[in-house]
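Chemist: Here you go, one structure.
Bear in mind that the values in this text are calculations on the coordinates, not laboratory data. Here the structure is a predicted model, which means the values were calculated and not measured. With ideal geometry, Cβ positions are generated from the backbone for all residues, glycine too; neighbour counts draw on all protein chains shown.
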Amino acid sequence: MNKELKLMKGNEALAEAAIRVGCDAYFGYPITPQSEILEYLTREAYERTGMVVLQAESEIASINMIYGAAGAGKKVMTSSSSPGISLMQEGISYIACAELPCVLVNVVRGGPGLGTIQPSQGDYFQTVKGGGHGDYKLIVLAPSTVQEMVDHVKLGFELAFKWRNPVMILTDGALGQMMEKVELFPQIRRTTEVPEWATVGKPKTRERNIITTLHIEADKMQEINLHLQKKYKEIEQEEILYEASGCDDAEFVLVAFGLVARICQKTALLAREKGIKVGVFRPITLFPYPFNELNKLADRAKGFLTVEMNAGQMVEDVRLAVNGKIPVEFLGRMGGVVPTPEEILQTIEEKFVGELV
Amino acid sequence: MNEKRMTEEQHFEEMIAEESICIADNLVFEKPETLLDTPMHYCPGCGHGVAHRLIAEAIDELGIQDKTIGVAPVGCSVLAYQYLNIDMSEAAHGRASAVATGIKRVLPDKYVFSYQGDGDLAAIGTGETLHTCNRGENILIIFINNGIYGMTGGQMAPTTLPGMKSTTTPFGRDVKIMGNPLKITEMIAQLPGVYYCTRVAVNSPVNVRKAKKAILNGFKYQDHKKGLSFVEIVSNCPSNWKMNPVESNKWMEENMFPFYTLGDMKVPNLNLPSESKGE
Amino acid sequence: MTEEIIIAGFGGQGVLSMGQILCYGGVIENKEVSWMPSYGPEMRGGTANCTAIISDTKISSPILTKFDTVIALNQPSLDKFENAVKPGGLLIYEASTILKPPTRTDIEIVPVEAAIEASKMKNAKVLNMIMLGALLKKKPVISIESAIEGLKNVLPERYHDLISLNKHALEKGMELAEKVGVPA
């Protein structure tokens, strides 16, 4: 079979993947730098698969439409960018507690506040550590190429339904706007299967299905929490994804996710040209996080440099993983500024190489 | 001990004797199938119980129990799903109509309704209410207006009357400070997306019958696929109004009804040729 | 082979589409490609630019500060990116509006009077294709055929009658580039 190769913008590739994966509905609200997703879907989706695409009046409405449609057992998706995702947090907490599968996309822009439309990774804490109220986890995927913007939509729905858990694709404005070659998977038919828990109308043959997150008695609510925590532990056992390149012989390892990991790849090339052995470790799932793998890597390497487009968020997890074995340094750019390969190399030289020579 | 057993046997015989008159022909009142046999948590005299029963009766009469999905709000009726034997979803505060939109859009041939109080629908959820109605979603919104926040203990609602006391308007609602009560149903009726809009009450047998008719319409009109049905039920809150049930009904008739006038605000003209063709 | 290119000019000069044509051409030849626009405040002031990377192997960073080739379509872009050319790299610039030419001696410099040629062809919009032709003459990162195929993807269908004119512009650019530039 011929591969279907296209040159696509990250946002449009992600939208195309949503159609092809057999998504039943998308609810969203325009915000830069991700409005192309809603635009592409309103243009393409309904005619091709009958997928519902609705521009809601706000991100708050969007996420609650997702809650309703996900509760009906359908494959549903929404996307937004940082301020819009902040508005959705209450709904995300409900969805996580009610254990409804769905795919959420955050095309992150620089914050805080209204911020900038330039790329950022400032929403790591919000996405990975909570965001909304209560103890819950999202499964978090961090694509670094336009190809992964496609692949993670498919993977996201698989994980969402496997675990009955919301999945967040955490990407950024640059990946949303840039164009790359993508290989598209063939159209998957929308399913008519109805999950047993879905609210679709109660036949005589079963008890009624209730989707709720309200359990007034503390013991019952603790039981729900224990169940969720057990599920999260299982996800941690089974679903960790990461990419380690050039780490086997590396003296220094750059730890980064998403787009920044690719900038670090370039740095590693430049470093090796200078005779400095640098590797790159890229967590692909941010929850579950590859703590053990990083810990093992710390036995071999002399130092880690975490690079992020924020003030230092994932670096806390890297330090937890390394647990003091080796120094973990940090380089961060904020508010939409993207670090360059050269300045990362310079930081390696300043923080590590200089000291060792 | 023997004596006690005798007593129980006698009691059993009495029950059998009673049962003999409990035959179908003699029944004048029965529980709708869609209403579960769960004791309700509502205060004595509250209108919610009657409204729930009417929904259950309407679903039974239309035979749509297996095709109906309800959405409960946050407020006193947050547990509405405990009383109705249908698939239901509990929504975040104010978002019931967005949740109902999500369900209806992916299940367009099912019957979907939201059940919301005045705080939920007309304060925190005003945006969702307005836009759901404006889009003309083919759903039924049932709006319980008792002019107060019941569940949180009697604070001012958007529909609290001028001068009316609540825990956050201890000297009565001063419209200069708190603004005027919001007649959201009148606003909603203006929107082209709204197909049917009416205000009813459940304080008397006549009004209960009218309310039932309105709810039946709200379900039936979903078949027309021509827009949203909005049924406001003006209701009471004996506990937070600090009255007994009889007083609260009287107060409602004397104070709420003049401000929130009962009656249809928008009805589909089913005689028009374009309307009667249907889908 | 990895070719890292930045194209910069005024908005409306076809900077972004020029990069896209290159990348479409790369996809047709089954190469790895990456196209990154600059957006935000820069777009409103002096320069709009895009990075286009074409490679036989997986592309690492789409964010770069040094380039194998810089294509500058106006003075502010030339001023900004002259120093971003890697030593031994290539700088192509639109020469008819430039008052302050580049001064570096460690790179190959190719001035192309594309605006004058475009006006001779009675269509200012083909300026970018003339510049692209000049690039492909100096560095054939994709074939002419692939560039034309790429153009078909970028140009809205209603303008497809202009394809032959654009092909002509591409050839003109190649012709102009052939005449100038001796490697440093």
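Chemist: Okay, which of region B:132-154 sit inside 15 Å, backbone N to the point 7 Å along the Cα-Cβ direction of B:H224?
Modeler: B:136-141
Chemist: Helix A:259-273 versus the longest principal axis of chain A: what is the Cα-based angle in degrees, 0 to 90, to the nearest 10?
Modeler: 20 degrees
Chemist: Among all the lysines, which ones have a C-alpha under 26 Å from B:K165's C-alpha, if same-chain residues fewer than 8 places away are not counted?
Modeler: B:K176, B:K183, B:K242, B:K250
Chemist: With a point put 7 Å past each Cα toward its Cβ, work out how far A:Q187 is from B:E253 in nm, to one decimal.
Modeler: So the two model labels end up 6.3 nm from each other.
Chemist: Could you tell me what fraction of 2.2 N^0.38 Å the Cα radius of gyration of chain A comes to, as a two-decimal ratio?
Modeler: 1.02
Chemist: Oh, and also: What's the ranking of B:43-52, A:273-282 by average number of surrounding C-beta atoms within 10 Å, highest first?
Modeler: Ranked by mean Cβ neighbours within 10 Å, highest first: B:43-52, A:273-282.
Chemist: Using alpha carbons only, what's the Rg to Rh ratio of region B:190-271 with Rh from Kirkwood?
Modeler: Radius of gyration over Kirkwood radius for region B:190-271 works out to 1.06.
Chemist: Beyond 26 Å, what share of the Cα-Cα pairs of region A:125-236 is found? Please give it as a whole percent.
Modeler: That fraction is 38 percent.
Chemist: Report for chain A the percent antiparallel among DSSP-assigned beta bridges with both residues inside it, nearest 5.
Modeler: 30 percent
Chemist: So if the hydrodynamic radius of chain B is defined as the Kirkwood radius over C-alpha pairs, what does Stokes-Einstein give as its diffusion coefficient at 25 °C and 0.890 mPa s, in µm² per second?
Modeler: Answer, rounded: 123 µm²/s.
Chemist: Under a crude label model (7 Å from the Cα following the beta-carbon direction), how far is B:V246 from B:Q82 in nanometres?
Modeler: In this crude spin-label approximation the distance works out to 3.0 nm.
Chemist: Moving to a separate point now. Report the semi-axes of the equivalent ellipsoid for the protein assembly as shown in whole Å, largest first, where each axis is √(5λ) for an eigenvalue λ of the Cα gyration tensor.
Modeler: 63, 31, 24
Chemist: Between 0 and 90 degrees, rounded to the nearest ten: what's the tilt of helix A:10-20 against the longest Cα principal axis of chain A?
Modeler: Taking the Cα atoms of chain A, the angle to A:10-20 is about 40 degrees.
Chemist: Let me ask another. Report, in whole Å, the centroid distance computed from the Cα atoms of region C:122-184 and region B:138-178.
Modeler: When both Cα centres are located, 70 Å separates them.
Chemist: If you don't mind, there's one more thing I want to ask. What stretch of chain C, leaving out the sites themselves, is the longest with no trypsin sites (Lys or Arg not before Pro) in a DSSP loop having at most 15 other Cβ atoms within 10 Å?
Modeler: Looking at chain C, C:123-184 is the longest stretch - no exposed trypsin sites (Lys or Arg not before Pro) with at most 15 other Cβ atoms within 10 Å.
Chemist: Treat region C:2-179 as a sphere of radius equal to its Kirkwood radius over Cα pairs and apply Stokes-Einstein at 4 °C in a medium of 1.567 mPa s; give the translational diffusion coefficient in µm²/s, rounded to a whole number.
Modeler: Result for D is 81 µm²/s.
Chemist: Another question, then. Cα-Cα over 25 Å: which of A:K162/B:K225; A:K202/B:K225; A:K233/B:K104; B:K31/B:K67; A:K202/B:K220; A:K162/B:K110?
Modeler: Beyond 25 Å between Cα atoms: A:K162/B:K225; A:K233/B:K104; A:K162/B:K110.
Chemist: A further question on this structure: Between B:M187 and A:R48, what FRET efficiency follows from the Cβ-Cβ distance if R0 is 35 Å, with the result rounded to 0.05?
Modeler: 0.40
Chemist: Using helices alone, I'd like the mean residue ellipticity at 222 nm for the protein assembly as shown: each DSSP H run of four-plus residues gives -39500 (n - 2.57), total over residue count, nearest 500.
Modeler: Rounded to the nearest 500, the figure is -11500 deg cm²/dmol.
Chemist: Just in region A:118-222: which GluC sites (Glu not before Pro) are loop by DSSP and have at most 10 other Cβ atoms within 10 Å?
Modeler: Answer by residue number: A:E193, A:E196, A:E207, A:E217.
Chemist: So, one more: Does region B:24-165 come out rounded, prolate or oblate, given a ≥ b ≥ c as the square roots of the eigenvalues of its C-alpha gyration tensor, rounded meaning a/c under 1.5 and, failing that, prolate meaning a/b above b/c?
Modeler: oblate
Chemist: Quick one: plug the Kirkwood hydrodynamic radius of region A:243-356 (C-alpha pairs) into Stokes-Einstein at 20 °C, 1.002 mPa s, and report D in µm²/s.
Modeler: After rounding, the answer is 157 µm²/s.
Chemist: I'd like the mean, over residues of B:63-73, of how many other protein chain beta carbons sit within 10 Å of each residue's own Cβ.
Modeler: Mean partner-chain Cβ count within 10 Å for B:63-73: 4.
Chemist: Percent antiparallel among DSSP beta bridges with both residues in chain C, to the nearest 5?
Modeler: DSSP beta bridges in chain C are roughly 50 percent antiparallel.
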